[in-house]
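Undergrad: Below is the structure I would like to discuss, written out as structure tokens.
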Amino acid sequence: MTLQKIRRFTLIISMLLFPITIYYFSPYLIIMAAMRHIINGSFIVFSLMFILGLFFGRIWCGFFCPTGGMCECFAQISDKAPKQDWRNYIKYGIWLVWLSGIIICNVLGKGDYTIQPFFMTEHGISISDIYGYVIYYGIVILFLIPALIHGKRANCHYICWMAPFMIFGYKVGMLLHLPQLQIKSKKENCIACKKCEKVCPMSLNVTQLLQKGEIKSAECIMCGECVKACTKNVLEYKITSKR
């Protein structure tokens, strides 16, 4: 089984499990828990995303994210390439306001801190009644609309509240000179066929980026589509550490 088949398989499984896991990615429940000084499931998951980002960047987005799986399914309806422009920064604004809210709620909250990974779930399962499914399908529609208007992975580009955890994690990892997964390039072998750009789900200018010796962009989700598409073996995964 090739890497891309494995990637699509894990995305589909993650997407199918989303009704069970959705509360562990909830931006609302983490605020509700913070007001009660509870470290809930989403707090733990977002912390793990930051830690994962230290070494692997946004590989979660490319291989395991349930909403990423939905986005790739929606791409079968609309495969337009979202523009790389100012809208990419919207997610940082959403993240900053939301993170500020979490901090304020922790400061104003009362009681001793407790760890409750299954906070507001039914024995660990997120959706166990009709009201939960209303929330679930509301989120599906929230992600479907941008995908139909702007194209593939539009949500990852513009509104994802989880991406900044991994992006900043990766930047911290670079500052600390930690071993990190990167897509390195042998730019002297590139024939500028641009096959890598055509398959990139994040609409990156891969041909231009690889001239720097590596695909270095906050929007890269480490999916490896460009690696597979390159017929000259210009691109490859490598674990590197800059000193």
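Undergrad: Could you please tell me which pairs satisfy a Cβ distance under 6 Å, a separation of 6+ or placement on different chains, a first residue in region 163-190 that is under 20 Å from residue 228 (Cα atoms), and a second residue that is of a type in the set (Val, Ile, Thr) and surrounded by fewer than 18 Cβ atoms within 10 Å (Cβ to Cβ)?
TA: From region 163-190, the pairs are 181/239; 182/240.
Undergrad: Specify the residue that is modelled with the lowest pLDDT; the eligible residues are those in region 57-84 that are open to solvent by less than 40 Å² (accessible area, probe 1.4 Å) and in a loop (DSSP other than H, G, I, E, B).
TA: Going through the qualifying residues, I end up with 78.
Undergrad: Of the residues that make up region 119-133, is at least one under 14 Å from residue 82 (Cβ atoms), out of contact with any strand residue (DSSP E or B) (no Cβ under 9 Å at 6 or more places or on another chain), open to solvent by less than 20 Å² (accessible area, probe 1.4 Å) and touching a residue at least 12 places away in the same chain (Cβ under 8 Å)?
TA: No, because not a single residue in region 119-133 is under 14 Å from residue 82 (Cβ atoms), out of contact with any strand residue (DSSP E or B) (no Cβ under 9 Å at 6 or more places or on another chain), open to solvent by less than 20 Å² (accessible area, probe 1.4 Å) and touching a residue at least 12 places away in the same chain (Cβ under 8 Å).
Undergrad: Take the conditions under 19 Å from residue 168 (Cβ atoms), in contact (Cβ under 8 Å) with a residue 40 or more places away in the chain and under 13 Å from the mean Cα position of the chain (by Cα) and apply them to residue 71. Does it pass? Lay out the reasoning, then the answer.
TA: Values: under 19 Å from residue 168 (Cβ atoms): no; in contact (Cβ under 8 Å) with a residue 40 or more places away in the chain: yes; under 13 Å from the mean Cα position of the chain (by Cα): yes.
It is false that residue 71 is under 19 Å from residue 168 (Cβ atoms), in contact (Cβ under 8 Å) with a residue 40 or more places away in the chain and under 13 Å from the mean Cα position of the chain (by Cα).
Undergrad: Quick one: count up the residues across region 208-243 that are among the acidic types (Asp, Glu) and without any contact (Cβ under 8 Å) to a residue 60 or more places away in the chain.
TA: 2
Undergrad: Counting only residues that are of a type in the set (D, E, K, R) and assigned to a helix (DSSP H, G or I), which one in region 185-215 is farthest from residue 238 (Cα to Cα)? Before the answer, list the steps.
TA: Of all residues in region 185-215, those of a type in the set (D, E, K, R) come to 186-188, 194-195, 197-198, 212, 214.
Narrowing the set further to residues that are assigned to a helix (DSSP H, G or I) leaves 187-188, 195, 197-198, 212.
Values: 187: 15, 188: 18, 195: 21, 197: 20, 198: 22, 212: 15 Å.
Per the criteria, the residue is 198.
Undergrad: Based on what the data block shows, is residue 232 modelled with pLDDT under 95, out of contact with any strand residue (DSSP E or B) (no Cβ under 6 Å at 6 or more places or on another chain) and of a type outside the set (A, V, I, L, M, F, W, C)?
TA: So residue 232 passes the test.
Undergrad: Further question: On the basis of being of a type in the set (A, V, I, L, M) and surrounded by fewer than 21 Cβ atoms within 10 Å (Cβ to Cβ), does residue 52 make the cut?
TA: Spelling it out, residue 52 is indeed of a type in the set (A, V, I, L, M) and surrounded by fewer than 21 Cβ atoms within 10 Å (Cβ to Cβ).
Undergrad: On to the next question. Test each condition in (1) modelled with pLDDT of 95 or more; (2) open to solvent by less than 30 Å² (accessible area, probe 1.4 Å) for residue 113 and report the one that comes out false.
TA: (2)
Undergrad: Among the listed residues 20, 30, which satisfies the condition of being touching a strand residue (DSSP E or B) at 6+ places or on another chain (Cβ under 8 Å) and closer than 19 Å to residue 163 by Cβ?
TA: 30
Undergrad: Of everything in region 1-34 that's outside any helix (DSSP H, G or I), at pLDDT below 95 and over 26 Å from residue 218 (Cβ atoms), which residue is least open to solvent (accessible area, probe 1.4 Å)?
TA: Step one: filter region 1-34 for residues outside any helix (DSSP H, G or I), giving 1-2, 17, 26.
Filter again for at pLDDT below 95, leaving 1-2, 26.
Narrowing further to those that are over 26 Å from residue 218 (Cβ atoms): 1-2.
Numbers: 1: 168, 2: 71 Å².
Per the criteria, the residue is 2.
The values are calculated or read from the model by the stated rules, or taken from the named source; none is laboratory data. Because the structure is a prediction, the values reported are computed rather than measured. Every residue, glycine as well, gets a Cβ built from its backbone with ideal geometry; the counts of neighbours run over all protein chains shown. Surface areas here come from the heavy atoms of the whole protein model, side chains and all, with no ligands, DNA or RNA. Shrake-Rupley method; radii C 1.70, N 1.55, O 1.52, S 1.80 Å.
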